[in-house]
Amino acid sequence: MRPIYLCSPKKHAGKTSIGIGLIMAMRERGLKIGYMKPIGTVFRDLDGRLVDEDPYHLKSILKLEDSPEDMSPIDLTTETIRDILRGKEKRIMERIKESFEIVSRDKDIMLIEGGPSMTHGISLGLSDACVARELNTRILLIAKYDTEISLVDQIILGTTLAPEELISGVIINDVPETAMDFVQGVIVPFLEKKGVNILGVIQRERILRAVPIKQIVEELGGEVLAGRSSLDKLVDYFLIGAMEVGSAIKYFRRAPNSAVITGGDRSDIQMAAIETGIRCLVLTGNRRPSEVILAAAEERGIPVILVPMDTMSTVERMEGMLGRLKVQNEEQIKCIKELIEKYVDLERVLKDVEVDA
């Protein structure tokens with residue numbers, strides 16, 4: 001068994017999604033895979049206890065056998081950070097090693113997910129490189145395309161934040177189709193001349209940037225007034241319905257798989273959105289629509305979600321959600337596995353962790 005550590009120089013690079021794709025692809029090769037996120041940083045309340053979202057998410061969708069407590073033994077909460085800064089002994093590295101030993105038992109491959117970025121926890125001796133060194137694992141860098149210079153900077157930064165001998169290679173993620181030729185033809189050779197091992201360049205897929213409507217409901221604390229049977233459908237875009245109706249109809253038709261956010265008092269915009277077949281309607285200000293609107297939405301299977309916030313606050317919350325999207329439905333899981341198979345040199349990844357492909 002050999003572990004491999006997924007980490008990124010920058011937040012929201014897609015480590016969890018790529019981890020899911022790697023696990024699915026490796027399982028097809030008959031390998032038994034374990035997953036661990038040593039230091040929890042993204043919390044949710046579960047029966048009165050703060051837990052990291054990612055281990056629970058992966059355990060649920062991939063039917064992993066290990067306990068979430070072993071998969072993520074350390075919760076780096078504000079209280080924990082303050083205790084460390086005060087010099088209180090927390091046995092953090094010992095607890096990580098103990099859990100790693102449990103989770104890795106009888107596994108062929110251990111995928112370990114790092115923190116939000118490679119600098120997270122560096123002042124506490126808990127950066128990805130520190131933990132990777134303690135667990136004697138190789139690091140696989142995940143770098144998400146933003147701009148060309150940002151991409152190159154991320155990767156060079158990542159290779160300076162960890163010793164060269166720890167880094168197995170880099171996967172470049174979420175590259176727009178229009179940028180693929182330049183990334184593969186110019187940026188990859190540029191990086192390889194600098195000794196960077198590029199193991200894959202993954203093209204952006206719309207479906208992976210989509211949000212299930214039920215996740216919007218959960219994030220906004222909304223009340224579903226109609227269209228409950230369609231909550232598993234995916235939304236590609238968020239549109240603000242704040243213009244006059246004629247312009248709104250043209251606007252909505254250009255992006256039919258959208259969630260339209262508008263005031264609860266804008267019945268004209270609401271009906272225009274429903275008639276053009278948008279995916280869901282988010283009504284702000286806690287103002288309920290008319291029964292005519294609800295009946296029309298129910299007939300077309302369009303969820304109507306009522307939220308207490310104003311329109312701008314709702315938009316901010318929904319935009320914040322985009323940075324934390326998780327692969328979760330079957331269509332998305334299938335897509336990320338296919339992307340790994342198509343764009344990542346999995347044989348080289350497996351060879352690097354001493355497992356036959």
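Rule-based calculations on the coordinates, nothing more; no lab input. Remember, it's a predicted structure, so these values are computed and weren't measured experimentally. FYI the Cβ positions are ideal-geometry reconstructions off the backbone, even for glycines, and counts take in every protein chain you see.
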Handout entry: GNM top mover of ILE149, ILE122, ILE269 - the chain, alpha-carbon springs below 10 Å
Key = ILE149
Handout entry: Whole-angstrom gap from region 44-121 to region 251-292, using each part's C-alpha centre
Key = 41 Å
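For the chain, what ratio Rg/Rh do Cα atoms give with a Kirkwood hydrodynamic radius?
Values: Rg = 22.3 Å, Rh = 22.0 Å.
Using Cα coordinates only, the ratio equals 1.02.
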Problem - FRET efficiency estimate (nearest 0.05) - Cβ-Cβ, ASP265 to GLU28, R0 35 angstrom - result: 0.10
Fill in the blank from the handout: Between the residues ILE249, TYR237, GLY221, the Cα farthest towards the positive end of the dipole of region 221-260, that dipole coming from +1 and -1 charges on the beta-carbon of Lys, Arg, Asp and Glu, is from ILE249
Handout entry: Highest-fluctuation residue, PRO308, PRO55, PRO116 considered, GNM on the chain with Cα pairs under 10 Å
Key = PRO308
Handout entry: Per DSSP, loop GluC sites (Glu not before Pro) in region 185-234 with at most 15 further Cβ within 10 Å
Key = GLU205
Fill in the blank from the handout: With +1 on the Cβ of every Lys and Arg and -1 on the Cβ of every Asp and Glu, the dipole magnitude of the chain about its Cα centre, in debye rounded to the nearest 20, is 140 debye
Practice task
Give me the Kirkwood hydrodynamic radius of region 211-322, using the inverse of the mean 1/r over all pairs of distinct Cα atoms, in Å to one decimal.
Solution key: 13.3 Å
Exercise for the section: Read phi for every residue in region 151-161 and hand back ³J(HN,Hα) as whole Hz from Karplus 6.51 cos²θ - 1.76 cosθ + 1.60, θ = phi - 60°, with x for Gly and Pro. Expected result: 4, 5, 4, 4, 5, 5, 4, x, 6, 8, 8
Handout entry: GNM flexibility winner over the chain from THR314, THR178, THR77 (Cα, springs under 10 Å)
Key = THR178
Exercise for the section: Anything over 30 Å Cα to Cα? Flag those among LYS233/LYS342; LYS15/LYS233; LYS107/LYS193; LYS10/LYS334, in the order listed. Expected result: LYS107/LYS193
Practice task
Calculate how many DSSP beta bridges within the chain are antiparallel, expressed in % of all such bridges and rounded to the nearest 5.
Solution key: 20 percent
Exercise for the section: Provide ASP181, ASP108, ASP268 in ascending order of the number of other Cβ atoms located within 10 Å of each residue's Cβ, fewest first. Expected result: ASP181, ASP268, ASP108
Exercise for the section: Restrict the search to region 60-119; then list the trypsin sites (Lys or Arg not before Pro) that DSSP places in a loop and that have at most 16 other Cβ atoms within 10 Å of their Cβ. Expected result: LYS63, ARG86, LYS88, LYS90, ARG91, ARG105
